[in-house]
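**Student:** The structure's right below; bear with me while I get my questions together.
The values are calculated or read from the model by the stated rules, or taken from the named source; none is laboratory data. Keep in mind that what you see is a predicted model, and the values were worked out from it rather than measured. Glycine also receives a Cβ, built like all others from the backbone with ideal geometry; neighbour counts cover every protein chain displayed. Quick note on the areas: whole protein, heavy atoms, side chains included, nothing else; ligands and nucleic acids left out. Shrake-Rupley method; radii C 1.70, N 1.55, O 1.52, S 1.80 Å.
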Amino acid sequence: MMKKIAALLLSAVMIAGILPAVAFGADIIARGECGAEGDNVTWTLDDEGTLTISGTGAMKGGMPPQDWQSVKTVVIKNGVTSIGDGAFWGCENMTSVELPDSMTSIGDAAFYICHNLTSVIIPKNVTNIEVSFYYCWGLTEVNVDPENPVYTSADGVLINKNKAELKYYPEGKTDKNYTVPDSVKSIGDGAFYRSKVTNVKIPEGVTSIGDSAFFLSSIESIEIPNSVTDIGKGAFTACNNLKSISIPYGVESIKEYTFEGCSSLESVEIPQTITEIGEAAFSGCTSLKDIYYGGTQDQWNEYFSGFNGLPESTEIHFNEFTITVNSGANGTAEASAETAEAGATITVTATPDNGYMVDEMTYTPEGGSAEDIKTNRSFIMPEANVTIEVTFKEKTAYDYKNGDINDDGDVTQTDKLILSRYLAKWDGYKNKIKNLDAADINGDGDVTQTDKLILSRYLAKWTGYDKYFN
């Protein structure tokens with residue numbers, strides 16, 4: 001009898017322990033369908049905020065039911081294969097989500113405005129992820145199942161292995177400095193959307209930056225290598241902390257809205273490979289003071305004459321190269337400018353000391369070979385710094401005859417004709433002067449109308465003018 005009583009008491013205690021769990025367990029408070037085909041996928045929501053999704057196949061997209069705004073935890077059961085566009089839009093209280101191995105695709109803006117979601121694990125069979133995590137302020141890491149053939153995670157950053165594309169840098173990640181991995185070849189659309197990172201270094205080998213890649217991010221500086229040849233629309237829109245940027249040589253256009261709203265942007269380096277600036281590319285760049293353009297003013301006018309989207313205070317600096325003049329003893333020389341844009345005409349004036357004449361005159365582009373300019377004494381500025389070398393030698397009776405401009409051994413009306421047309425800038429007459437020193441009849445280092453006057457009066461046999469001719 002005592003054994004029976006003890007057994008009954010034990011059973012009562014066990015039942016008493018179970019009853020509260022049953023009585024106070026989570027209750028289903030709402031349910032419905034969320035399948036792309038209707039009832040192929042269903043959902044239930046309990047009073048503890050757990051949303052359970054089960055079924056077979058794809059979830060539909062679009063705004064979620066109003067009931068989902070209270071969701072804290074999402075559990076998607078095996079069998080569900082995809083999350084539709086905007087499926088969890090606005091589930092601000094969601095803190096975690098469990099995705100099944102049956103999942104293969106996550107739609108665009110699937111978790112839009114899920115502020116309290118802190119981490120996500122991408123299952124092994126997911127092969128397509130759109131721009132899924134906009135406005136997930138608390139998301140600090142996206143991890144990936146090691147068996148996933150398409151995606152991987154590097155320090156919580158999502159990378160598409162197949163495309164070598166940096167897909168998503170979590171908005172809640174608090175690191176200030178970030179270097180893109182060497183394996184990456186492209187920065188995806190919206191990849192750094194609203195990120196808190198302030199300094200980004202992109203390695204050589206990356207070729208493109210996607211649309212809205214850094215939209216609303218906190219970047220202050222960014223290093224972009226010359227391997228990048230394409231920067232997408234709105235890539236840096238509303239990057240309010242960005243102060244300066246250098247666009248790589250090889251990029252051909254600044255697309256629509258690229259720097260729109262970059263209110264702290266002060267300077268931009270634009271290479272001469274850029275031939276197009278899109279609509280509102282610099283709209284709202286109220287602090288933009290300087291644009292350093294790699295081409296000439298003529299090129300800027302050719303490509304951007306209709307572009308007027310810059311603040312009035314913005315100054316455009318055109319590409320200029322330095323000109324250094326080295327002259328030896330027994331004379332001086334100077335160029336018509338100390339700096340010049342590529343394509344500009346540069347003239348050199350040499351003034352020998354009394355009894356001396358120009359011996360050699362050359363210009364050498366940096367990294368190039370010397371070019372003789374003794375006869376023409378001018379050149380077209382290359383895309384490089386230039387050094388001009390001028391040397392002088394003592395005159396002798398055998399060097400040249402003053403006034404013998406065509407170097408035929410005599411001073412005649414032909415020389416006067418050549419000099420007159422040279423001074424009048426007739427085409428081809430610069431090349432007919434065989435010796436510019438012979439045209440500088442008064443020896444003042446320049447060929448002017450005064451030399452023409454002396455030559456004319458000498459040929460007319462005016463008294464006293466033969467002193468200029470040896």
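**Student:** Under a crude label model (7 Å from the Cα following the beta-carbon direction), how far is Glu48 from Glu130 in nanometres?
**Tutor:** Between Glu48 and Glu130, the label points sit 3.3 nm apart.
**Student:** Right, another one. Want the number for Thr207 to Asp108: 0.36 nm per residue separation, take away the alpha-carbon distance, what's left?
**Tutor:** Length difference between fully extended and current span is 33.2 nm.
**Student:** For Tyr135, what is the net charge nearby, where nearby means another residue's Cβ is under 12 Å from its Cβ and Lys, Arg count +1, Asp, Glu -1?
**Tutor:** Counting the neighbours of Tyr135, the net charge comes to -1.
**Student:** Quick check: net charge around Gly409, other residues with Cβ under 12 Å of its Cβ, Lys/Arg +1 and Asp/Glu -1?
**Tutor:** -3
**Student:** Can I ask one more? Modelled label-to-label distance, Asn385 and Leu453, 7 Å Cα→beta-carbon offset: nm?
**Tutor:** 4.2 nm
**Student:** With a cap of 14 neighbouring Cβ atoms within 10 Å, and only residues DSSP puts in a loop, list the chymotrypsin sites (Phe, Trp or Tyr not before Pro) found in segment 374-438.
**Tutor:** Tyr398, Trp426
**Student:** Check each of the trypsin sites (Lys or Arg not before Pro) in segment 380-437 and keep only those in coil by DSSP with at most 13 other C-beta atoms within 10 angstrom; list them in order.
**Tutor:** The qualifying sites are Lys425.
**Student:** Helix check for the chain. Which DSSP H runs span at least 24 Å along their own axis by Cα, with a mean Kyte-Doolittle hydropathy no less than 0.0?
**Tutor:** Length and hydropathy pass: 2-24.
**Student:** Let me ask something else. Using 0.36 nm per residue of separation minus the Cα-Cα distance, give me the extension gain between Thr339 and Thr229 in nm, one decimal.
**Tutor:** Roughly 36.6 nm would be gained on extension.
**Student:** How do Asp427, Asp404, Asp182, Asp290 stack up against each other in accessible area, from largest to smallest, with a 1.4 angstrom probe?
**Tutor:** Accessible-area ranking of Asp427, Asp404, Asp182, Asp290, largest first: Asp427, Asp182, Asp290, Asp404.
**Student:** Another question about this same structure. Greater than 27 Å separation of Cα atoms is the criterion. Which listed pairs, Lys395/Lys467; Lys161/Lys201; Lys255/Lys289; Lys60/Lys233; Lys401/Lys425; Lys163/Lys243, meet it?
**Tutor:** From Lys395/Lys467; Lys161/Lys201; Lys255/Lys289; Lys60/Lys233; Lys401/Lys425; Lys163/Lys243, over 27 Å: Lys60/Lys233; Lys163/Lys243.
**Student:** Ordering Glu269, Glu147 from largest to smallest accessible area (1.4 angstrom probe), what's the sequence?
**Tutor:** The ranking, largest first, comes out as Glu147, Glu269.
**Student:** Hey, another quick one. Which net charge results when you count Lys and Arg as +1 and Asp and Glu as -1 among the other residues whose beta-carbon is under 14 Å from that of Asp298?
**Tutor:** Here the charged neighbours net out to -4.
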